[in-house]
Every structure is written in C-alpha cells, then in structure tokens.
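Chemist: Before I ask anything, here is the structure I am working with.
The values are calculated or read from the model by the stated rules, or taken from the named source; none is laboratory data. Note that the coordinates shown come from a computational prediction; the quantities given were computed from them, not determined experimentally. Cβ sites come from the backbone with ideal geometry, for glycine too, and all protein chains shown count toward neighbours. These accessible areas exclude ligands, DNA and RNA; they are computed on the full protein's heavy atoms, side chains included. Shrake-Rupley method; radii C 1.70, N 1.55, O 1.52, S 1.80 Å.
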Amino acid sequence: MKILLALMLSVFSVNAFASSKAEQTFLKKLYSVIEAGSEVTQEIDFDSLSAPDQAALLKAAEYESNIWYDTILEGDYQLKDGASVEFGSLTKIYSAAGEFVAYKGQIQHEAYDTGSCDIPYEEDDATIQEYMKENCVAGYISSGIYVSPDFKFHLRDENAIEDFEE
C-alpha cells in the first residue's frame, strides 16, 4: 500500500490530481498519513451521522462509483435495479497528532454475476431483472473511497478497487 502511494506521488505530482489549494492540502495530508503508516482509525456507524453528512457522503459515493461503468460493469456483472450505492463500512482517519484527515469508506451496490447464467437480453428489463434474481449469482460490487472531512473532495482508493463479492 505504501509503495503504491509513493509511486503515485513520485510519478504524478499532487498538482496533477488537485484543482485547488484546498484540495492539494487535503491530498498531501491524506497521502502523508497513509505513507507514514501512522493513521489512527475510528469505525463509525453511517446511520449515526446527521442527514446532511449522510447525503454528502452518499453523493461522493455515487460519483466515485460511476467509474464502475468503465471497469467492472464492462464484464460479467450488472447492477440490481431499484438498489443504490450504500456504505458497507465507514471509518474516520486521524493523523498521529489527532487531526481528522478523511473518511475512508467501502461503498457497495447490489449486483448480479451475469457470467453465472444465460441472460435473455431480447426480453424487457423487468423480465431480465426477474430472471437474474432467480438464476444468477447475487452479491455486491464494492470499492473503497476517501472523502475529505468537509465533504468537498473525494477520490478512489486505488488499493481497494471495485470487485464483486457474493
């Protein structure tokens, strides 16, 4: 994990990722804490957060999950209709000095492994969804994200890229 982050920082400058001074500051703090391995984490219950904080985190999760359409959803997986992105786990990351640096979350969405069944794609969407429910392996697509404490910035956790789990 440290090696990957160090490689990312050495190959790409923080300026390449950041569009503002505030974003650069967030990324520098996050990367330095993770690289040093000095982070202190506190698991939190998503439901214990205020409604505005939940909405802000879900907005970031939805945005970060959009990459799935160019990655895992190009393969043998399809999202379940009527479901939405949610948090499977959520932690707060603090520096060794006690500064709240970021939220780290595992986001997930119910999905089907379409490689485990023969989808009747010539049918309408409702029929396809019912078929997948009855015949395909069900599970979740999940991945990791980081969100700044003020919810203004977020990024994909490159060490927890999207995957399907039953």
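Chemist: Which angle from 0 to 90°, rounded to the nearest 10, does the C-alpha axis of helix 2-11 make with the longest principal axis of the chain?
Modeler: For 2-11 against the chain, the angle is about 80 degrees.
Chemist: Okay, moving on. Can you list the HN-Hα couplings for the range 135-151, worked out from phi with the Karplus curve (6.51, -1.76, 1.60; θ = phi - 60°), rounded to whole Hz and with x for Gly and Pro?
Modeler: 10, 9, 5, 8, x, 9, 8, 9, 7, x, 9, 10, 9, 5, x, 8, 6
Chemist: Which of Leu57, Leu30, Leu49 ends up with the largest GNM mean-square fluctuation for the chain, with Cα atoms connected below 10 Å?
Modeler: Between Leu57, Leu30, Leu49, it is Leu49 that shows the largest mean-square fluctuation.
Chemist: What's the longest bit of the chain with no exposed chymotrypsin sites (Phe, Trp or Tyr not before Pro), using DSSP loop states and at most 12 other Cβ atoms within 10 Å as the test? Walk me through the numbers on the way to the answer.
Modeler: On the way: sites that count: Phe12, Tyr121.
For chymotrypsin sites (Phe, Trp or Tyr not before Pro) (loop position, at most 12 other Cβ atoms within 10 Å), the longest site-free span of the chain is 13-120.
Chemist: Also, I was wondering about something else. For the chain, which whole percent of the accessible surface, found with a 1.4 angstrom probe, sits on carbon and sulfur atoms?
Modeler: 49
Chemist: Once the piece of chain linking Tyr121 and Gln24 is laid out straight, how much longer is it, given 0.36 nm per residue of separation minus the C-alpha distance between them? Each step should come with its number before you reach the end.
Modeler: Values: separation 97, 0.36 × 97 = 34.92 nm, distance 4.56 nm.
Roughly 30.4 nm would be gained on extension.
Chemist: Using amide H atoms built 1.01 Å from N in the peptide plane, name the residues 5+ places from Ala111, or on other chains, whose amide H lies under 5 Å from its own.
Modeler: Excluding prolines and chain starts, which carry no amide H, the hits are Lys80, Gly139, Tyr140, Ile141.
Chemist: So, taking all protein chains as they sit and a 1.4 Å probe, how much accessible area belongs to Thr127, in Å² rounded to tens?
Modeler: 60
Chemist: Let me ask you something else. Only four residue types carry charge here, +1 at the Cβ of Lys and Arg and -1 at the Cβ of Asp and Glu. Report the dipole size of the range 38-165 about the Cα centre in Debye, rounded to the nearest 20. List each step's numbers first, then the result.
Modeler: Working: 7 positive and 28 negative charges, 150 e Å.
The dipole magnitude comes to about 720 debye.
Chemist: Something else: Specify which residue in the list Ile107, Gln42, Gly139 is farthest towards the positive end of the charge dipole of the chain, using unit charges on the beta carbon of Lys, Arg (+1) and Asp, Glu (-1), about the Cα centre.
Modeler: Gln42
Chemist: For the chain, report the translational diffusion coefficient in µm²/s to the nearest whole number, using Stokes-Einstein at 20 °C, 1.002 mPa s, and a Kirkwood Rh over Cα pairs.
Modeler: Using the Kirkwood radius from Cα pairs, D works out to 123 µm²/s.
Chemist: Given the protein chains as shown and a 1.4 Å probe, how many square angstrom of Val137 are accessible, to the nearest 10?
Modeler: Approximately 50 Å² of Val137 is accessible to the 1.4 Å probe.
Chemist: What residues have an amide H closer than 5 Å to that of Val85, excluding those fewer than 5 places away on the same chain, when H is modeled at 1.01 Å from N in the peptide plane?
Modeler: The list, which skips near neighbours in sequence, is empty: none.
Chemist: Also, quick follow-up: With all protein chains present and a 1.4 Å probe, how do His109, His154 order by accessible area, largest first?
Modeler: Working: His109 15, His154 50 Å².
Result of the area sort, largest leading: His154, His109.
Chemist: If the cut-off is 18 Å between C-alpha atoms, which lysines fall inside it for Lys104, apart from same-chain ones fewer than 8 positions away?
Modeler: Lys2, Lys28, Lys29, Lys59, Lys92, Lys152
Chemist: Let me ask you something else. In percent, what relative contact order does the range 38-165 have, based on Cα pairs under 8 Å that are 6 or more apart in sequence?
Modeler: 25
Chemist: Next question, about the same structure. To the nearest 0.05, how large is the calculated FRET efficiency for Tyr63 and Glu43 if R₀ is 35 Å and r is the Cβ-Cβ distance?
Modeler: Numbers: r = 23 Å, r/R0 = 0.66.
About 0.90, to the nearest 0.05.
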